[in-house]
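Trainee: Sending over a structure as structure tokens; questions will come in a sec.
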Amino acid sequence: MNVRPTLRAIPLVFAGLASIVLEASCARSEEDRPYATWAFGTEGAVRDVCVQTECPAPFATCEGERGLCTVDLRSDVDHCGSCGARCPRTNSRTPWSFVCSEGLCRLACDPHYADCNGRVDDGCETSTWEDPANCGGCGNACDEGVLCWRGACGCPNGFTRCGDDCVRLDADNENCGACGSVCEAPESDADPRWTCGPGVEPNHTAWTCASASCSLQCKQPYADCNQDFCGDGCEVDLGKDPANCGACGNACAPGQRCESGACTCPPGTTRCAGACVDLSTDPAHCGECGASCPGSTSARANGGPLCEDGRCSYVCSPGFADCDDDLDDGCEANLLQSQRHCGSCGNRCDVAGGQPCVAGTCLTKPCDEPVVR
Amino acid sequence: MTRTGPKRRRRAPGLAGALALATLLSSCARGEERARALAGEETEDAAPPRGTFDDASAPLVEAPECAEETAQIFVVATDKGFYRFDPQDLAFVRVGTLGCPTTAGTFSMAIDRRGTAWVEYTDGRIYAVDTRDATCKPTAFRPGQTGFDLFGMGFALNGDDPKGGETLFVAGNGLASLDTKSFDLTFLGSLTLGRSELTSIGSRLYAFSVDSGVVARLNKQTGATEATHRTSAIAPSGAFAFAHWGGSFWLFTGQTRSRVTTYSPDTDESADVVADTGMLIVGAGSSTCAPLTPPK
């Protein structure tokens with residue numbers, strides 16, 4: 001909140017006057033009074049704004065739901081368009097569900113399915129994943145004899161059709177160079193692919209399809225960094241060797257480890273509990289390893305712990321607040337709907353009078369007749 | 001956004017009364033608190049109120065549209081590293097580490113024309129990140145609306161003229177638009193692609209699914225597929241991200257570490273341009289300020 005320096009000079013008497021005006025403008029009732037605001041002072045005040053109990057669209061108070069005006073009729077599947085208007089339920093076996101959007105129940109198909117016949121009763125009846133008549137979308141027909149593979153007609157560039165599948169002949173051990181050609185050790189000792197001698201398979205090697213031919217290659221993540229393939233085979237583990245991390249000759253800096261072929265931890269990060277973290281920003285390791293910032297981390301906490309420059313705080317999502325000063329339940333107050341914390345902590349609506357809080361404001365309306373107290 | 005520190009700081013007495021008055025004007029504090037504050041008494045409750053909407057109404061990133069850096073690609077990795085990626089020299093520059101107030105992981109991202117990165121985390125919440133320094137603010141997005149828990153995201157222009165504005169689209173339990181002011185999500189229609197990420201070329205919206213390697217142009221009103229392109233970036237069950245730059249799609253895919261593949265819809269050709277980025281990228285985005293054709 002920005003405060004202008006001129007506020008420093010505000011006399012106390014003005015502050016007191018402002019307080020009265022402020023009281024008059026608060027749409028809140030501390031004493032369960034039936035009138036929300038009044039023009040000035042207390043005794044003899046003329047009230048011109050009264051409690052409004054009707055919900056403004058699209059909100060409603062629906063039976064069985066907590067609170068007043070808490071149901072959004074635009075998006076609630078149990079009250080879609082009006083209270084009790086429930087969208088059809090589906091089970092987990094049907095590849096579709098119903099959602100409520102803009103007050104209407106809408107059919108939502110699961111991935112790879114579509115409602116091509118436009119009938120709601122059979123839902124999303126068409127698989128667009130492999131149906132050549134509806135490949136990737138309703139009515140998208142593949143040419144005669146062309147495969148529908150993963151929602152598109154034909155095989156991608158670099159792939160070849162083998163039966164009902166698309167494969168990479170250059171790198172597929174089950175289809176190496178040709179459909180059905182399995183890459184494995186040659187049966188004949190005379191086969192020239194035994195490059196280190198008949199039956200000799202050096203350390204950490206395997207028969208592998210590469211460039212569409214089958215040959216002895218280093219297994220992942222090993223490499224032949226000393227160029228002695230038939231001697232010590234693939235002697236280096238690129239995933240762990242700090243002198244050859246990820247590639248032959250790629251040395252990690254002093255103090256770094258090689259993990260999964262990457263030098264860790266990267267600059268600016270520290271190893272904590274097996275992971276590389278930024279101690280200045282990580283709420284689980286704030287300032288030092290294991291120093292977890294307090295407060296609920298639940299997705300329903302409507303907020304979460306923050307670590308800034310290695311110091312902890314707790315941040316509420318807009319519209320929510322920690323009104324009970326208990327971080328274990330996070331930002332428990334919904335300032336948009338709470339009658340007791342409407343718009344800000346402690347700002348009570350007229351609970352006894354049934355005054356709802358909508359969008360952070362206690363609802364009011366002009367009084368039918370001005371009321372003098 | 002409201003923030004609660006472990007200890008509230010006490011302010012200078014001269015300012016306390018005025019600040020308390022300003023607080024009252026905005027929040028209608030409780031009566032006894034008002035009395036103490038107006039008497040100039042320094043109280044713990046003179047601290048800013050918790051749970052007002054001060055920050056919620058502020059712009060997420062105060063920057064002009066289409067500043068130079070918004071024309072590049074940004075990516076976010078599983079380690080919460082936030083990077084700027086220059087498609088011309090294929091270099092990643094680490095902007096910083098995302099410090100959003102959550103212990104959840106990163107899931108997807110979209111970039112708007114003012115340089116705000118909208119980042120979804122695995123807890124379903126969306127945070128607004130300044131692409132200049134990776135600072136982060138929570139948004140008022142309500143997770144799980146209309147069955148959308150986790151989703152891909154991308155902006156598209158509303159028309160050929162950028163003055164017509166842009167819309168944030170999300171791909172989860174179908175295609176939906178997300179109002180970045182009210183954070184209301186509007187369901188538009190089903191998607192046939194499967195789990196998808198989104199990007200745009202101008203006003204045209206595209207989805208990419210790593211399960212099939214398909215890039216599809218989507219109807220922005222219904223989610224229906226209008227055109228299909230086939231890329232070689234296929235990695236079932238892997239992480240993936242998607243952006244557009246210079247007339248090509250940039251695909252970030254991998255199981256433990258990502259590679260970068262480009263796909264040109266004009267030539268229908270894919271090319272692996274970075275074999276190993278050294279990180280697993282889960283979100284990528286380019287704003288609608290990105291060039292539509294390759295720079296000369």
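Trainee: Identify the single condition in (1) touching a residue at least 24 places away in the same chain (Cβ under 8 Å); (2) more than 20 Å from B:I73 (Cα to Cα) that B:A241 does not satisfy, given that it satisfies every other one.
Mentor: All conditions are met except number (2).
Listed here are the residues, each with its yes/no results for (1) touching a strand residue (DSSP E or B) at 6+ places or on another chain (Cβ under 7 Å); (2) among the β-branched types (V, I, T); (3) under 26 Å from B:R257 (Cα atoms).
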| position | (1), (2), (3) |
| --- | --- |
| A:E201 | yes, no, no |
| A:L216 | yes, no, yes |
| A:C225 | yes, no, yes |
| A:G246 | yes, no, yes |
| A:R257 | yes, no, yes |
| A:S260 | no, no, yes |
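This table checks each residue for (1) outside the structural domain of B:Y83 (by TED's automatic domain parsing); (2) buried (at least 24 other Cβ atoms within 10 Å of the Cβ); (3) assigned to a loop (DSSP other than H, G, I, E, B); (4) in contact with a strand residue (DSSP E or B) (Cβ under 7 Å, 6 or more places away or on another chain).
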site	(1), (2), (3), (4)
B:L168	no, no, no, yes
B:S177	no, no, no, yes
B:L191	no, yes, yes, yes
B:S232	no, no, yes, yes
B:A235	no, no, yes, yes
B:A243	no, yes, no, yes
B:T261	no, no, no, yes
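Trainee: Across region B:211-230, which residue is surrounded by the fewest Cβ atoms within 10 Å (Cβ to Cβ) among those that are of a type in the set (S, T, Y) and part of a strand (DSSP E or B)?
Mentor: Result: B:T228.
Trainee: Looking at region B:245-259 only, could you name the residues that are small (G, A, S) and in a strand (DSSP E or B)?
Mentor: Once the filter is applied, which keeps residues that are small (G, A, S) and in a strand (DSSP E or B), region B:245-259 yields B:S248, B:G254.
Trainee: Can you name every residue in region B:67-106 that is aliphatic (A, V, I, L, M) and within 14 Å of chain A (Cβ to nearest Cβ)?
Mentor: B:V76, B:A77, B:V93, B:V95, B:L98, B:A104 - these are the residues of region B:67-106 that are aliphatic (A, V, I, L, M) and within 14 Å of chain A (Cβ to nearest Cβ).
Trainee: Now for a separate question. Report those strands (runs of 3 or more DSSP E) wholly inside region A:239-326 carrying at least 1 residues which are within 11 Å of chain B (Cβ to nearest Cβ).
Mentor: Passing ranges, in order: A:257-259, A:262-264, A:275-277, A:303-308, A:311-316.
Trainee: Right, here's the next one. Suppose we keep only residues that are more than 13 Å from chain A (Cβ to nearest Cβ) and of a type outside the set (S, T, Y) within region B:190-220. Which one would you say is farthest from A:C138 (Cα to Cα)?
Mentor: Looking at the filtered set, the residue picked out is B:G202.
Trainee: Please count how many residues of region A:133-174 are in contact with a Ser or Thr (Cβ under 9 Å, 6 or more places away or on another chain), small (G, A, S) and within 8 Å of another protein chain (Cβ to nearest Cβ).
Mentor: Residues flagged as in contact with a Ser or Thr (Cβ under 9 Å, 6 or more places away or on another chain), small (G, A, S) and within 8 Å of another protein chain (Cβ to nearest Cβ) within region A:133-174 amount to 5.
The values are calculated or read from the model by the stated rules, or taken from the named source; none is laboratory data. Being a predicted model, the structure only gives us computed values, none of them experimental. Positions of Cβ are generated from backbone atoms using ideal geometry, with glycine treated the same way; all protein chains shown enter the neighbour counts.
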